[in-house]
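Trainee: I am attaching a structure below and will ask some questions about it afterwards.
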Amino acid sequence: MATRTDFGPPYYKDMLPPIIEKNYGKWKYHERVKPGVLRHVAESGEEIYTVRVGSGRLVSTEWIREVCEIADRFCEGHLRFTSRHNLEFLVSDAEKVEPLLAYLNEHNYPVGGTGHAISNPVHTQGWIHCHTPATDASGIVKAVMDDLYEYFVDWKLPAYCRISLACCLNMCGAVHCSDVAILGIHRKPPHIDHDIVRAKCEIPNVIAACPTGAIRPDPKNKTLTVNEEKCMYCGNCYTMCPGMPLADPVGDGVSIWVGGKISSARSAPKFSRLAIPFLPNNPPRWPEVTSAVRNIVETWARNARKHERMGEWIERVGWERFFELTGIPFSVQLIDDFTLAPETYRSTPTFKW
Amino acid sequence: MTESETPLLDELEKGPWPSFVTEMKRAAKKKESAHDLLRQLERSYNDRIGHWKHGGIVGVRGYGGGVIGRYSDLPEEFPGVAEFHTLRVNMPSGWFYTTEKLRQLCDVWDKHGSGLTNLHGATGDIILLGAPTEALQPCFDDLAEIGFDLGGSGSDMRTPSCCVGPARCEYACIDTLEVLYQITMEFQDELHRPMFPYKSKIKISGCPNDCVAAIPRSDIAVVGTWRDNIQVDPAAVAAYANDGIDIQEEVVDLCPTQCMHWDASTKTLTIEDRECNRCMHCINLMPKALAVGKERGATILVGGKAPIVHGALLSWVVVPFMKMEPPYDEFKDLVRRIWEWWDENGKMRERLGELINRMGMRAFLKAMNLPPSPAMIRAPRANPYYFWDPEEVK
Ligand code: HEM
Ligand code: HEM
Ligand code: HEM
Ligand code: SF4
Ligand code: SF4
Ligand code: SF4
Ligand code: SF4
């Protein structure tokens, strides 16, 4: 049997709830009813309630069937997901909102993530399914969100706060523009197993895969060497060659980045900047990481003005003040010396004491 | 009581946030592969390193991407995940589903795979997590039966994505869902068969809030905007003021262009629209009273990417305004020309942004036949090292 190909995804119009089809492109305004609940009103006067629910992203088919049942009961068989792995129930009958919330509450589904809250952390695969991670993804996210749960389900922050995690510097989750980014890092070059390299690896391909040109052939021994000073621990060589694993229980861990922003509201999008260069992997609950993130979030929340995102606050008070207020020690790793470094150096004596 | 196999992971079943460990255990009851995944993860929690390796070409007939090959480095200990490949399945625009469709998907995945998924992956695909090599083709055949196609991986167009847009957001300046569907269908070949120097991503947001992170995350970002005036409902503005928003402090003072004026005595808001840069702040705060303009379209930005290899880039404006009307030929044509230029000039693993940086924005604009504009820059150059083209010296 010839398989059909290139037919594309399901057509979205077949997936839309009828009320959305009817009012498509004709929404007039929305309100934040309470944490996790939005109310959108159309020009026609019709309204739809959105109830946003945090999910762990890694879910079983049983979970999917369960939320489908909820959607059948309260939302005429329709639901959607957001760009940050949240689940959204779309309720066209206002009468059903409170019963739905009661049901979700009873069954421990966290409702929140809208408004001045922490939304669901975008994150990657980690030890669950990738070959280059320097840390786990789902485990840290679970530990951090257990700790910061109150900020997901309630409005207690000056503005949005987006936390993201990527488990190696490939940054699949594109975490580099988050208010708080948790990034797995390796600190040791690959340890070469020359027998595996000889048996299994295409040496020219491995050399070509290295972005910094750190790998050199060693033709005499039919293997290769790594110039450790040039290695930036990206793992591309391990992608090409199983004889070059990078993972190391002591070398691997987590770095924390702050002040990034995606939207253009008020100020242009910004990158997150390195605040803590290294914290150890300490599973299952990574206490060093959870307390560092809480400290940063709460220091910002105490000091920022209303609507001021983490990065906007830091720009206003200055990085010197950020390090003072958070009590995070400033270390030499935080000073850039990669390709675009001089842009980050200060050229004026107008800084704060 | 028997001792738990996974004492460390069990810790992550506690606490209020939904537990992925609970989900893995639910799948593990039905599937040996999910059970071994759980055990291997426990091993990683003990060892503090991952246990996966890369390699071996896997996939389905006719496609070059869409499947991620993954093998355990401890296959004897965890035979259920000796081969544990991922299928990336193309989601519908805006991640809307009927429960019927999702149940069909569950049926297929219960039949062929581990029963574990990511809803969704970071690029937006439905990630079906874990199936052995021999299950891939039958699984795809069954997916095709229920109308789900694969997404992208490797050096191809990655599965593009969009925000909820006009389906449920009054800020949408363009029909993000339709644009997404159109380009996905137009570029099926580019999505399914890797042929580029590297990956290429397109993301579409309906307004400058950029809810799908198009600017930081895509090579080609489409961000809705408008050209005329913000629509103001004066009575609704006054109502917000009465309702407790401090319009001077929370709206006017935070306007980045200082183009708004609030007269508290008459409760009148005036906007000098020519000076507004359409940042969305005021509209975000008062969606009942302020609305995006009527002459709508999109700004196109290119070159965004994560840090590998030469550092992270945010996308740069190259088309200040494009109308974005169906069938979106102007946009599709631009995408084609961009890919052609990149394909011709890009080195292996060089993303579009890096290529533009290497060849110069000037070369890009010339190849695309796009006129230079101050909308493209934060500031003009501060050095005199411009290499004059003899054509320009006359
Ligand atoms: C008051 C201002 C804002 C309003 C009313 C607003 C409205 C919305 C709405 C309606 C959604 C849901 C879209 C969807 O279903 O996918 C959303 C999601 C999102 N917005 Fe905004 N937006 C605002 C400002 C921002 C800002 C300032 C950012 C900056 C980072 C932002 C980033 C996002 C992101 C990343 C999502 C996806 C959320 C998720 O999936 O959990 N938004 N926003
Ligand atoms: C050069 C940089 C990158 C490399 C080398 C890379 C490599 C990989 C690898 C090996 C995986 C497989 C993980 C697994 O086993 O399931 C993966 C997954 C993935 N990557 Fe990347 N990646 C890069 C950047 C990105 C970026 C910037 C994005 C998105 C903006 C992205 C999106 C994804 C997605 C969606 C997945 C699926 C798993 C998930 O959702 O976490 N990747 N990537
Ligand atoms: C042997 C069969 C191979 C398979 C099954 C395979 C599969 C993959 C997969 C699934 C990813 C994850 C990245 C993604 O698509 O999101 C990846 C990444 C990567 N692969 Fe391979 N690959 C293979 C061989 C190669 C070869 C021959 C090269 C180079 C000559 C290569 C270089 C890379 C690089 C550099 C990345 C990271 C860049 C990226 O994300 O696109 N791989 N590979
Ligand atoms: S961030 Fe790195 S380790 Fe994590 S999934 Fe992506 S490539 Fe793999
Ligand atoms: S880890 Fe990256 S930088 Fe280091 S040798 Fe391997 S490919 Fe090169
Ligand atoms: S990007 Fe703009 S139009 Fe799209 S969902 Fe977000 S706020 Fe609405
Ligand atoms: S959209 Fe932004 S720049 Fe324009 S008036 Fe509102 S706050 Fe000011």
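Trainee: When N is the residue count of chain B, what does its C-alpha Rg come to as a fraction of 2.2 N^0.38 Å?
Mentor: In units of the globular-protein estimate, chain B measures up at 1.18.
Trainee: Report the Cα-based extents of segment A:113-180 along its three principal axes, largest first, to the nearest Å.
Mentor: Projected onto the principal axes, the Cα atoms of segment A:113-180 cover 38, 22, 13 Å.
Trainee: Also, I was wondering about something else. For segment B:357-392 and segment A:153-205, what is the centre-to-centre distance using only Cα atoms, to the nearest Å?
Mentor: If you average the Cα positions of each part, the centres end up 34 Å apart.
Trainee: Pairwise over distinct Cα atoms, reciprocal of the mean inverse distance: report the Kirkwood radius of segment A:185-229 in Å, one decimal place.
Mentor: Taking the inverse mean of 1/r over all distinct Cα pairs, segment A:185-229 comes out at 11.1 Å.
Trainee: When the gyration tensor of chain A is built from Cα positions, what are the square roots of 5 times its three eigenvalues, in whole Å, from largest to smallest?
Mentor: Square roots of five times the eigenvalues give 41, 29, 18 Å.
Trainee: While we're here: So how do B:Lys305, A:Lys222 rank on accessible area, 1.4 Å probe, biggest first, that is with the largest at the start?
Mentor: So, going from the largest accessible area down, we get A:Lys222, B:Lys305.
Trainee: Right, something else. If I take every Cα pair under 8 Å that is 6 or more residues apart in segment B:246-300, average their sequence separation and divide by the length, what percent do I get for the relative contact order?
Mentor: 26
Trainee: Helix-derived [θ] at 222 nm for chain A: sum -39500 (n - 2.57) over DSSP H runs of at least 4, divide by residue count, nearest 500?
Mentor: Estimated from H runs of four or more residues: -7500 deg cm²/dmol.
Trainee: Another question, then. Tell me the angle of helix A:138-147 to the major Cα principal axis of chain A, expressed in degrees between 0 and 90 and rounded to the nearest ten.
Mentor: Long axis of A:138-147 versus the principal axis of chain A: about 50 degrees.
Trainee: By its C-alpha gyration tensor, with a ≥ b ≥ c as the square roots of the eigenvalues, how is segment B:90-241 shaped: rounded for a/c under 1.5, else prolate for a/b larger than b/c, else oblate?
Mentor: Prolate.
Trainee: Stokes-Einstein at 10 °C, 1.306 mPa s, Kirkwood radius from Cα pairs: D for segment B:16-92 in µm² s⁻¹?
Mentor: Diffusion coefficient, whole number: 114 µm²/s.
Trainee: With all pairs of different alpha carbon atoms counted, what Kirkwood hydrodynamic radius in Å does segment A:50-123 show?
Mentor: About 12.6 Å for segment A:50-123.
Trainee: Write down, largest first, the equivalent ellipsoid semi-axes of segment A:1-72 in whole Å, where each equals the square root of 5 times an eigenvalue of the alpha-carbon gyration tensor.
Mentor: The answer is 29, 21, 10 Å, longest axis first.
Trainee: Turning to a different aspect of this structure: Round to the nearest 10 and give me the degree value, 0 to 90, for the angle of helix B:176-186's Cα axis relative to the longest principal axis of chain B.
Mentor: Between helix and principal axis, roughly 60 degrees.
Trainee: Right, here's the next one. Could you tell me how many cubic angstrom of Cα convex hull volume segment A:218-260 has per residue?
Mentor: Measuring per residue, one finds 123 Å³ for the Cα hull of segment A:218-260.
Trainee: Moving on to the next point. Which one, B:Ala213, B:Ala367, B:Leu116, projects farthest toward the positive side of the charge dipole computed for chain B from Cβ point charges (K/R +1, D/E -1)?
Mentor: Comparing the listed Cα positions along the dipole, B:Ala367 ranks first.
Trainee: Going toward the positive end of the dipole of segment B:153-290, with +1 on Lys and Arg Cβ and -1 on Asp and Glu Cβ, which of B:Thr268, B:Cys282, B:Tyr198 do you reach last?
Mentor: Working it through, the farthest residue towards the positive pole turns out to be B:Tyr198.
Trainee: Next question. Comparing B:Pro380, B:Pro327, B:Pro216, which has the greatest mean-square fluctuation in the GNM of chain B with Cα pairs linked when under 10 Å apart?
Mentor: Result for chain B, Cα springs under 10 Å: B:Pro380 fluctuates most.
Trainee: Where does chain B land at 222 nm, in deg cm²/dmol rounded to the nearest 500, when only DSSP H runs of n ≥ 4 count, each adding -39500 (n - 2.57), divided by all residues?
Mentor: Calculated at 222 nm, the ellipticity per residue is -9000 deg cm²/dmol.
Trainee: Please arrange B:Lys31, A:Lys352, A:Lys142, B:Lys366 by accessible surface area, largest first, computed with a 1.4 Å probe and ligands excluded.
Mentor: Result of the area sort, largest leading: B:Lys366, A:Lys352, B:Lys31, A:Lys142.
Trainee: Beta carbons within 10 angstrom, averaged per residue: use that to sort the peptides A:91-101, B:348-358, highest first.
Mentor: The peptides rank, most packed first, as B:348-358, A:91-101.
Trainee: Using a cut-off of 10 Å between beta-carbons, work out the net charge of the residues near A:Lys13 (Lys and Arg +1, Asp and Glu -1, A:Lys13 not included).
Mentor: -3
Trainee: Going through the cross-link list B:Lys31/B:Lys101; B:Lys25/B:Lys201; B:Lys201/B:Lys366; B:Lys323/B:Lys394; A:Lys13/A:Lys270; B:Lys294/B:Lys366, which pairs have a Cα-Cα distance over 25 Å in this structure?
Mentor: Over 25 Å Cα-Cα: B:Lys25/B:Lys201; B:Lys323/B:Lys394; A:Lys13/A:Lys270; B:Lys294/B:Lys366.
Trainee: Further, regarding this structure: Each residue of segment B:228-241 in order: what ³J(HN,Hα) in whole Hz does its phi give by Karplus 6.51 cos²θ - 1.76 cosθ + 1.60, θ = phi - 60°, with x for Gly and Pro?
Mentor: So the J values, rounded to whole Hz, are 9, 9, 4, 7, 10, 10, x, 5, 5, 4, 4, 5, 4, 4.
Trainee: To the nearest hundred square angstrom, how large is the accessible surface buried between B and A, total for both chains, probe 1.4 angstrom?
Mentor: Chains B and A together bury roughly 10000 Å² of accessible area.
Trainee: Please compute, for peptide B:178-191, the average count of beta-carbon atoms on other protein chains lying within 10 Å of each residue's beta-carbon.
Mentor: For this peptide, the per-residue mean of nearby foreign Cβ atoms is 2.
Trainee: Per-residue HN-Hα couplings for segment A:197-211, Karplus 6.51 cos²θ - 1.76 cosθ + 1.60 at θ = phi - 60°, whole Hz, x for Gly and Pro?
Mentor: With coefficients 6.51, -1.76 and 1.60, one gets 4, 5, 7, 10, 10, 7, 4, x, 5, 5, 4, 5, 6, 7, x Hz.
Trainee: Further question on the same structure: Under a Cβ-Cβ limit of 4.7 Å, which cysteines in chain A have nobody to pair with?
Mentor: Cysteines of chain A left without a disulfide-compatible partner: A:Cys68, A:Cys75, A:Cys130, A:Cys161, A:Cys167, A:Cys168, A:Cys172, A:Cys177, A:Cys210, A:Cys231, A:Cys234, A:Cys237.
Trainee: With contacts defined as alpha carbon pairs under 8 Å and 6 or more residues apart, what's the relative contact order of segment A:35-135 in percent?
Mentor: Relative contact order, segment A:35-135: 32 percent.
Trainee: For a quick check: with amide H placed at 1.01 Å from N, whose amide H comes under 5 Å from B:Thr159's, ignoring anything fewer than 5 positions away on the same chain?
Mentor: Residues meeting the criterion, in which the H sits 1.01 Å from N, are B:Gly152.
Trainee: Put B:His85, A:His194 in order of accessible area, largest first, 1.4 Å probe: what do you get?
Mentor: Correct descending sequence by accessible area is A:His194, B:His85.
Trainee: In the protein assembly as shown, how does Rg compare with the Kirkwood Rh, expressed as the Rg/Rh ratio over alpha carbon atoms?
Mentor: We get a ratio of 0.95 for the protein assembly as shown.
Trainee: Additional query: Output wanted: per-residue J couplings in Hz (rounded whole) for segment A:241-248, from phi through Karplus 6.51 cos²θ - 1.76 cosθ + 1.60, θ = phi - 60°, x for Gly and Pro.
Mentor: Those phi angles translate into 8, x, x, 10, x, 10, 4, 7 Hz.
Trainee: Could you work out how far helix A:287-303 tilts from the main Cα principal axis of chain A, as a 0 to 90 degree angle to the nearest 10?
Mentor: 60
Trainee: Right, next: Could you please state, rounded to a whole Å, how far the C-alpha centre of segment B:167-223 is from the C-alpha centre of segment A:42-82?
Mentor: 24
Trainee: Using only the alpha carbons, work out the radius of gyration and Dmax of segment A:194-353 in angstrom.
Mentor: 20.7, 65
Trainee: Follow-up question, since we're still on this one. Determine, for each peptide in B:123-131, A:301-309, B:155-163, the mean count of other beta carbons within 10 angstrom over its residues, then list the peptides with the highest first.
Mentor: Going by the mean number of other Cβ atoms within 10 Å, highest first, we get B:155-163, B:123-131, A:301-309.
The values are calculated or read from the model by the stated rules, or taken from the named source; none is laboratory data. Fair warning: this is a prediction, and the values are worked out from it, not measured in the lab. Using ideal geometry, Cβ is built from the backbone for each residue, glycine included, and neighbour counts are taken over all protein chains shown. What goes into the accessible areas is simple: the full protein's heavy atoms, side chains included, and nothing from ligands, DNA or RNA. Shrake-Rupley method; radii C 1.70, N 1.55, O 1.52, S 1.80 Å.
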